[in-house]
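Okay, structure first, notes after.
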Amino acid sequence: MRRVALRGIRAHLVRFVLSVLAVALGVAFVAGTFSLRTMMSSTFSGIVDSTLLGDAYVRGAEPALGRSMTGTTGETRNTVPAGLADRIATVRGVDQAFAEISGPIVLVGKDGTAVQSTQSPSFGVALYPDDATVTIASGRAPNGPTEIGLESATLTSSGLSVGDRTQVVVAGEIRTVQITGKISMGTALAGATIVYLDVATATAIYAPDGMVSTIAVYAHPDVTETSLVANLAPVLSRDQTAVAEALTGDAMRAEARTDIEAQLGFVQAFMLVFAGISLFVGAFIISNTFSMLVRQRTREFALLRAVGASPTQVFASILTQAAVVGLLGSALGIAGGLGLVSLLRIGFDQVGMDLSGSIPLDAPTVIVSLLVGTVVAVVAAALPARRAALTAPVEAMRETTATERSLLVRTIVGGVLTTLGAAGLVVALLAPDSDGSALVGVGAGLLALGTLLLAPFLVRHCLGVLAAVFVAAVRPLGRLARANVARNPRRTANTASALMVGMALVGAASVLAASATVSTRAIVDDGWTSDFSIRSTTGVPVGAVADIRALDTVGAMDVLAYGPTVVVGPGERAGTQDASFAVGIPAEAFGRTIDLDVVEGSLDTLANGAVAVKAATAKERGWSLGDTVTFASRAGAVSASARVGAIIDSNLVSVPIVMSDRLLAQVVPPGQVTIEFLLVNAAPDVTAATLRADLVKAVGPYVVLSVSDKGDFADDLAGQVNQILVILYALLGLSIIIAILGIVNTLALSVIERTREIGLMRAVGLGRLQLAGIITIESVLTALFGTVVGIVLGVAVAAVMPTVFNGVGLTTLAIPWAQLAGMLVLAVVVGVLAALWPASRAARLPVLDAVASD
Amino acid sequence: MTDNPTPHPLEIRSATAIPASAIASARGLVKTYGRGDTAVQALAAVDVDFTRGELTAIMGPSGSGKSTLLHCMAGLDTITSGTVTIDGEDVGRMNQRQLTKLRRTRLGFIFQAFNLVPTLTAAENITLPLDIARRPVDRAHFDQVVAAVGLESRLHHRPSELSGGQQQRVACARALVAKPAVIFADEPTGNLDSRAATELLGFLRRSVDDLGQSVVMVTHDPRTATYAHRVLFLADGGLVGELVNPTQASVLEVLGSLDAAPTADNGNADNDADDSAMLLPVRV
Ligand SMILES: Nc1ncnc2c1ncn2[C@@H]1O[C@H](COP(=O)(O)OP(=O)(O)O)[C@@H](O)[C@H]1O
Ligand SMILES: [Mg+2]
């Protein structure tokens, strides 16, 4: 029987190749998604591992104000004196200790623009001459305020070379510097820009008060991290100058990783869900193929039975073939998935994201992929194989059209999941107090799975609507094509599933993006009254503030600055709160350059030292108008207290507390204040165009500053939203490729299956072009079906979000009809492309072969 | 062959003009499958005329070339040499597009099995050739044909819901509804029990007698052949006999003599000529 099984594969080479392809596609989808996920998280933990090389770290013991170099938004702590490093260096077991001095910097590249990629930070770092974790690849270490070193990837992306002169914007001013060396950290940094400064310069800029957030400690060989920390602890507790603690390098790295995971959590969770769905889609494609294959060969199996093979033998022979196909396909699929991810990586590289060079292939990915491919192939073959094995030979030899398995169970399960998912969304929509995001997440997941399961039911009952156009427009081909697509709803649904998932994602994302854009525009229109704003992603240098104030064409200018602080409300115990941000706005600004919607009280009180609190925060913390809040460090040291003078409801300000610029200066240490915006009005009789020209000229040297009016600003924000969508488009690309190949596969098999029928239709006068037309319409219908269901699903989920996430500035629901229409057009293109090969194959079938085939 | 000094009976015949009564004709029709050593000559210079408004049966042993002749006549298969004419049009010279058009408008087909498109209802299957050609359905004719084959109550059923006999009747109706010049049927009753076969044959014959349809039908069953106006006998790719107004007995007699006749492997055409010389007088 084994010989029969293997011969079977050889005899039907096209079918065999197609089924291997189907498995490969399904597995590629799974392997691709999993390894993309692995690659992203390994890149980021790679950054952690290579930037945090210390055996131990010393840092503030008291969670308070401050910002860490990695830019994580995890809890902030008090700072420690840089000088502590010298004392630590003398502790037993310590080889070296360096205060980590770093902060934001802007580097001007060869082309005169800032060296930065959109998502990644840009920072300046103190380079210790005896630090063993970095090596000077060429040139020498920087020395003095006019010299810098550049990390090797930064040097490459800047287009500069060692010895060149360029500018940096640091500490609020522009400096001309010379690049003295190329410095290597030996790791990919996901696009981060790193500029090395000598210790004195870095200290003067980033630690003028001599305080740093961490001190990295390196142990002598043979000293373990734990014993190192044990040695450090007594020294630190004896030291009165700092509230400091020591922790092992591993603990620090784990913390940093957790921070990053938390930040990437959305993407990670998303990728995981996508990978899960990809498992489903992969399984669908594979099981599709096998049920088709076995069906096509039922007569052959019946013949085997007739000549004496037992049901078990027939069953085993089919499963053997399935296993061979499954293993081969899985292996190819893993390779294919890696290929796709490599392509994506090249894509990311083009947009400046340097993802780690490590091969994104880990054991779980390989095992899951192999299992999915082989097990699904075998299981998918088992059901029809059982049927084929058990059918009485005579019965199978007779030409009966195999009856379709009932859709009942699948439809019921799908219906239940869909209903649960929809209920989750509705609850999230109606009960704003519930944990909206979790409900939306779970609801969306259930809805997606439910829809995938319900899809065959939808094909049977709703496809007619989609097909109506074709039926009416292309007679009689449309009707024939519709019948073919509806003939096997399960097959059509499974074929369309990859596209369905991809389109759902992009549909949801585009609705969200459009809503975010419209919401932002509404917020800006509502509250922004200045002519222009000036800002950068890393804050406005102080130098620029003075330069702009000095312009004649500027009538009024208000500075919006923010910084971290701990707010303690009435009745709250000091020391239990996390740091939050407060924004300082000059009292004159209200009504002049900015408008905030006041719910209660008056913004006039801010001039007298009161604060305004956002309504959501006030509700959450139970504060009301007239309450007194204090600003404190966690240890309880009170820096100021203020009355709540206004409750505001504005999405223009994203931080919970608004105060006057004077009060902000009191509650936030100077080093931690960031200037976010300059809001500028024109002087009387100065046109907007003139003012803009002047502003653009003034901010030019600062490289990263942009001048925008309301429209530009909203566009900018929309642009940022779209950048986040890039990763979704990558996944859509993946699912489109899989979808095209999946449709090709199904159609090609279906053409083989329908050889006789095609021959018959050709015999009674169907032309080749007409035949190709039918197959193309089938393909387009399948693609459209997946797309429409996907879009409806995606839009439904996204439509819930503005209500649920109203608090974070998503206030209006906007549906980008044009873009959704574009997706439909894309579906038609996908359908036509996928039909090319199967259609021409079918058209080239000689009529007689078709009539006479057995 | 033209340098053969003695004129051959077949050649004389092949030179003859096509009679006006013929709806479909072949002259010197040769069909060879494969090439070189493995070449099989399925048709060896066949000359044949199918008469307008007649039901003609083609009989012969298995492998004698019946299906091949039908396929070549119908433009379903390419011919190696010779000419095929349908209703005055030279099929052999047609390109694919013309052949498709010919099949769509001038020819009807009934195969032994797989006659129907499973996704279409009986009615849709019947009008399929007209739909493909985007020709309007002549309702009166449609009703007449449907009534004749007795399918009125089955029009909205799918093929899977029809018996084998009903399926073949649908195929018949489909072949007739477009009013083709000629209908080709390849063992249309091959898969049917005798009652269903009788019904179908009666219907085919009536379509000829009542509607003036021309039908060419391949069969290996002598009883089936008795429904024909005329039976042509094929052996080894050559026409070897002809019976007008056949009876079961006369058909069996000819078939018996065919079996008895020695079939040589070489000189196919010559042998055919001798065979036909011997058998052609067998007219009843
Ligand atoms: N596609 C083909 N390729 C090769 N030989 C063929 C093909 N079709 C038919 N033949 C051969 O041609 C001869 C006539 O076949 P056919 O017309 O099918 O016979 P019949 O229908 O009378 O049984 C047979 O010898 C058969 O083997
Ligand atoms: Mg035959």
Quiz item: Within the range B:177-187, which residues are within 12 Å of chain A (Cβ to nearest Cβ) and more than 16 Å from ligand 1 (Cβ to nearest atom)?
Solution: B:177, B:178, B:180, B:183
Practice problem: Could you please find all residues in the range B:224-235 being open to solvent by 30 Å² or more (accessible area, probe 1.4 Å) and touching a helix residue (DSSP H, G or I) at 6+ places or on another chain (Cβ under 6 Å)? | Solution: B:226, B:227
Practice problem: Please work out which one of (1) within 12 Å of ligand 1 (Cβ to nearest atom); (2) closer than 27 Å to residue B:131 by Cα is the condition residue B:119 fails and give its number. | Solution: (1)
Quiz prompt | Qualifying residues in the range B:35-67 (those that are within 23 Å of residue A:762 (Cβ to Cβ) and not in a strand (DSSP E or B)) - the one nearest to the other protein chains (Cβ to nearest Cβ) | solution = B:67
Quiz item: Out of the range B:130-153, which residues are surrounded by 19 or more Cβ atoms within 10 Å (Cβ to Cβ) and either in contact with a strand residue (DSSP E or B) (Cβ under 8 Å, 6 or more places away or on another chain) or away from chain A (no Cβ under 12 Å) (or both)?
Solution: B:145, B:146, B:149, B:151
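From the list A:782, A:787, exactly one residue is out of contact with any Gly (no Cβ under 8 Å at 6 or more places or on another chain), open to solvent by less than 20 Å² (accessible area, probe 1.4 Å), away from chain B (no Cβ under 14 Å) and on the phi < 0 side of the Ramachandran plot. Which is it?
That would be A:787, the only listed residue that is out of contact with any Gly (no Cβ under 8 Å at 6 or more places or on another chain), open to solvent by less than 20 Å² (accessible area, probe 1.4 Å), away from chain B (no Cβ under 14 Å) and on the phi < 0 side of the Ramachandran plot.
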Practice problem: Might you check whether a residue that is out of contact with any Gly (no Cβ under 9 Å at 6 or more places or on another chain) and in the same structural domain as residue A:773 (by TED's automatic domain parsing) occurs anywhere in the range A:467-475? | Solution: yes
Practice problem: Filter the range A:482-495 for residues that are open to solvent by less than 30 Å² (accessible area, probe 1.4 Å), at the interface with another protein chain (Cβ under 10 Å from one of its Cβ atoms), of a type outside the set (S, T, N, Q) and in contact (Cβ under 8 Å) with a residue 24 or more places away in the chain and give the result. | Solution: A:485
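Answer yes or no as to whether residue A:758 is open to solvent by less than 10 Å² (accessible area, probe 1.4 Å), within 14 Å of chain B (Cβ to nearest Cβ) and in a helix (DSSP H, G or I).
For residue A:758, the condition - open to solvent by less than 10 Å² (accessible area, probe 1.4 Å), within 14 Å of chain B (Cβ to nearest Cβ) and in a helix (DSSP H, G or I) - is met.
Return the only residue of A:613, A:599 being assigned to a strand (DSSP E or B), touching a residue at least 40 places away in the same chain (Cβ under 8 Å) and open to solvent by 20 Å² or more (accessible area, probe 1.4 Å).
Among A:613, A:599, only A:599 is assigned to a strand (DSSP E or B), touching a residue at least 40 places away in the same chain (Cβ under 8 Å) and open to solvent by 20 Å² or more (accessible area, probe 1.4 Å).
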Quiz prompt | Leading residue by the ranking (least open to solvent (accessible area, probe 1.4 Å)) among those in the range B:35-62 that are away from ligand 2 (no atom under 16 Å from the Cβ), out of contact with any strand residue (DSSP E or B) (no Cβ under 6 Å at 6 or more places or on another chain) and more than 20 Å from residue B:84 (Cβ to Cβ) | solution = B:36
Quiz item: Given the structure, is residue A:420 modelled with pLDDT of 85 or more and touching a Ser or Thr at 6+ places or on another chain (Cβ under 8 Å)?
Solution: no
Quiz prompt | Residue count, the range A:167-186 (criterion: over 18 Å from residue A:102 (Cα atoms) and surrounded by fewer than 16 Cβ atoms within 10 Å (Cβ to Cβ)) | solution = 3
Quiz item: Which pairs have Cβ atoms under 6 Å, sit 6 or more apart or on different chains, and link a residue in the range B:180-206 that is within 24 Å of residue B:75 (Cβ to Cβ) and modelled with pLDDT of 90 or more to one that is away from ligand 2 (no atom under 16 Å from the Cβ) and of a type in the set (S, T, N, Q)?
Solution: B:182/B:214
Quiz prompt | Total residues in the range B:68-109, condition more than 8 Å from chain A (Cβ to nearest Cβ), of a type outside the set (Gly, Ala, Ser), under 16 Å from residue A:846 (Cβ atoms) and not in a helix (DSSP H, G or I) | solution = 5
Quiz item: In the range B:154-173, what count of residues is obtained for those that are assigned to a helix (DSSP H, G or I), more than 14 Å from chain A (Cβ to nearest Cβ) and open to solvent by less than 70 Å² (accessible area, probe 1.4 Å)?
Solution: 3
Exercise. Specify the residue that is least open to solvent (accessible area, probe 1.4 Å); the eligible residues are those in the range A:664-717 that are part of a strand (DSSP E or B) and small (Gly, Ala, Ser).
Key: A:708
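Condition check ((1) in a helix (DSSP H, G or I); (2) of a type outside the set (A, V, I, L, M); (3) in contact (Cβ under 8 Å) with a residue 40 or more places away in the chain; (4) assigned by TED's automatic domain parsing to the domain that holds residue A:825) across all residues:
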position	(1), (2), (3), (4)
A:746	yes, yes, yes, yes
A:751	yes, no, yes, yes
A:762	yes, yes, yes, yes
A:766	no, no, no, yes
A:774	yes, no, yes, yes
A:777	yes, no, yes, yes
A:782	yes, yes, yes, yes
A:793	yes, no, yes, yes
A:797	yes, no, yes, yes
Exercise. Go through the range B:28-79 and give me each residue that's of a type in the set (Lys, Arg), closer than 27 Å to residue B:208 by Cα and more than 7 Å from ligand 1 (Cβ to nearest atom).
Key: B:52
Quiz item: Applying the selection to the range B:80-104, what residues are among the hydrophobic types (A, V, I, L, M, F, W, C) and either within 16 Å of ligand 1 (Cβ to nearest atom) or in contact with a Leu (Cβ under 8 Å, 6 or more places away or on another chain) (or both)?
Solution: B:84, B:86, B:91, B:94
Exercise. Please verify whether the range B:5-25 includes one or more residues that are within 14 Å of chain A (Cβ to nearest Cβ) and either within 16 Å of ligand 2 (Cβ to nearest atom) or at pLDDT below 90 (or both).
Key: no
Quiz item: Hey, residue A:237 hits all of (1) open to solvent by 60 Å² or more (accessible area, probe 1.4 Å); (2) at pLDDT 75 or above; (3) assigned to a helix (DSSP H, G or I) but one; which does it fall short on?
Solution: (2)
Practice problem: Could you tell me whether any residue of the range B:64-78 is in contact (Cβ under 8 Å) with a residue 60 or more places away in the chain and touching a Ser or Thr at 6+ places or on another chain (Cβ under 7 Å)? | Solution: no
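The values are calculated or read from the model by the stated rules, or taken from the named source; none is laboratory data. Since we're looking at a predicted model, the values are computed, not measured. When we count neighbours, we look across all protein chains shown, and the Cβ atoms used for this are built from the backbone with ideal geometry, even at glycine. These area figures cover heavy atoms from the full protein model, side chains too; ligands, DNA and RNA do not enter into them. Shrake-Rupley method; radii C 1.70, N 1.55, O 1.52, S 1.80 Å.
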